[in-house]
Amino acid sequence: MPTGLLALALGGFGIGLTEFVIMGLLPEVAADFGVSEASAGWFISGYALAVVVGALGLTAAVTRLDRKPVLATLLVLFIVGNLLAATASDYWPMMLGRVIAALAHGAFFGIGAVVAADMVAPAKRAGAIALMFTGLTAANVLGVPFGTLLGQAAGWRATFWAITVIGVVALAGILALVPATAGTRGQAGGLRRELQAFRSGQVWLSIAVTILGFGGMFGAFTYIAYTLTEVSGFAATTVPWLLIVFGVGLFAGNTLGGKAADRNVDRTLLVVLAVLGAVLVAFALTAGNQVLTVASLVLMGGFGFATVPGLQMRVMKYASNAPTLASGANIGAFNVGNALGAWLGGVTITAGLGYTSPIWAGAGITLLGLAVMAFAAAAARRSDAPGPVEVPERAGDPLPAR
């Protein structure tokens, strides 16, 4: 295993922690700034939307540049954003810090996925991408729960100070361990060549599946702290430990999903999205039962993140000649899904539908994603199918009837 993959995973850990830890601290942040749950939820939605801007805008701006220094620069931007969040005294400075940190997110994972895939043999690329995203899952298994505990014990700003330090360590890891030539294969051509990848209908279908499939899981997860305390009846102090349970599912799903996607991407995505939709429906129906809630958390995390390597690999497969911008766009699509899920969850709560309503909304979005994936897979099979074999006519054969 190339050690550079560990450096990418370390960067993914810090960025994943920034994205997800606020969910466990959302009640504390909302109370500190004196805003509603839905208003605090915009720290999540706003972050996700800024990821989209960075994934497209920053990635497009750096297509001709060497990828290692670009990754390092993105981590510097990430560090600055978290410093602003840690020192924010009001709602809007906090939002600014979230946005700045988010700008680095999409471009880092988009470019990092290309770099990771370039470090290994073609048959192992989905696994390499999954390893890079292991940092993201580790952030949920370890970082989010302990970040939540730190925030509850020492104030939520202490968590963002810790994330800033992690960003510095991740920057050192990128500089020390990622080869200077990683991700440079097929780099020539610049923005015009990268944009040609979007002529593929399968690239657009893959992006749509990413938005809907991942958005469904995220919609259910955004307000999970309220679901666990207000519906399932868990004490607020148990939420960090329940997030560890969720994170174990993420880790297992990401790893196994990557291995399955290396064998067959489309089949893996179809099965995983179908099961995820069923898990979310079951969770919404049984959220009042604590034992079943714990089981649902594991399964939701597992099948939710089992989609990630396949979704990223699929868009890179159909943009194989110019994958960088398409890869970044798909990272943006993950976060459009995040924003969509968080927004719909906030709408349903504000409408008075209760704290299980985001889970129902997530189930609906996921099943819509499954339908799009089924259409995309069928279209891909038709385009790959061989055409009819024409037998050449021989001299003296009778002419075919007209």
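Every read-out reported here was derived from the displayed coordinates using simple, explicitly stated rules and does not represent laboratory data. Just so it is clear, the structure is predicted and the values come from calculations on it, not from any experiment. We place every Cβ from the backbone using ideal geometry, glycine too, and count neighbours over all the protein chains shown.
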> Relative to the present Cα-Cα distance, how much length would full extension add between Ala236 and Ser39 at 0.36 nm per residue of separation?
Replying inline: 68.9 nm
> Applying the Karplus parametrisation 6.51 cos²θ - 1.76 cosθ + 1.60 with θ = phi - 60° to the phi angles of the range 29-41, what ³J(HN,Hα) value in whole Hz is obtained for each residue in order, glycine and proline being reported as x?
Replying inline: 5, 4, 5, 5, 8, x, 10, 6, 4, 5, 5, 5, x
>> Within the range 85-116, name every residue whose backbone N is under 18 Å away from a label modeled 7 Å from Cα of Ala61 along the Cβ vector.
In response: 96-112
> Roughly how many nanometres apart are two label points built 7 Å out from the Cα toward the Cβ at Thr87 and Arg267?
Replying inline: 5.5
> Which ³J(HN,Hα) values, rounded to whole Hz and listed in residue order, are derived for the range 303-309 from phi using the Karplus coefficients 6.51, -1.76 and 1.60 in 6.51 cos²θ - 1.76 cosθ + 1.60 with θ = phi - 60°, glycine and proline given as x?
Replying inline: 6, x, 8, 5, 6, 4, x
> Given Gly97, Ala48, Ala116, which one lies farthest toward the positive end of the charge dipole of the range 1-156, if we put +1 on the Cβ of every Lys and Arg and -1 on the Cβ of every Asp and Glu?
Replying inline: Ala116
>> I need the phi-derived Karplus couplings for the range 113-119: 6.51 cos²θ - 1.76 cosθ + 1.60, θ = phi - 60°, integer Hz, Gly and Pro marked x.
In response: 5, 5, 4, 4, 5, 6, 7
>> Beyond 30 Å, how much of the Cα-Cα pair distribution for the chain remains, as a whole percent?
In response: 37
> Considering the Cα trace of the range 257-316, what is its radius of gyration and what is Dmax, both in angstroms?
Replying inline: 12.9, 41
>> Please rank Met373, Met217, fewest neighbouring Cβ atoms within 10 Å first, as an exposure proxy.
In response: Met373, Met217
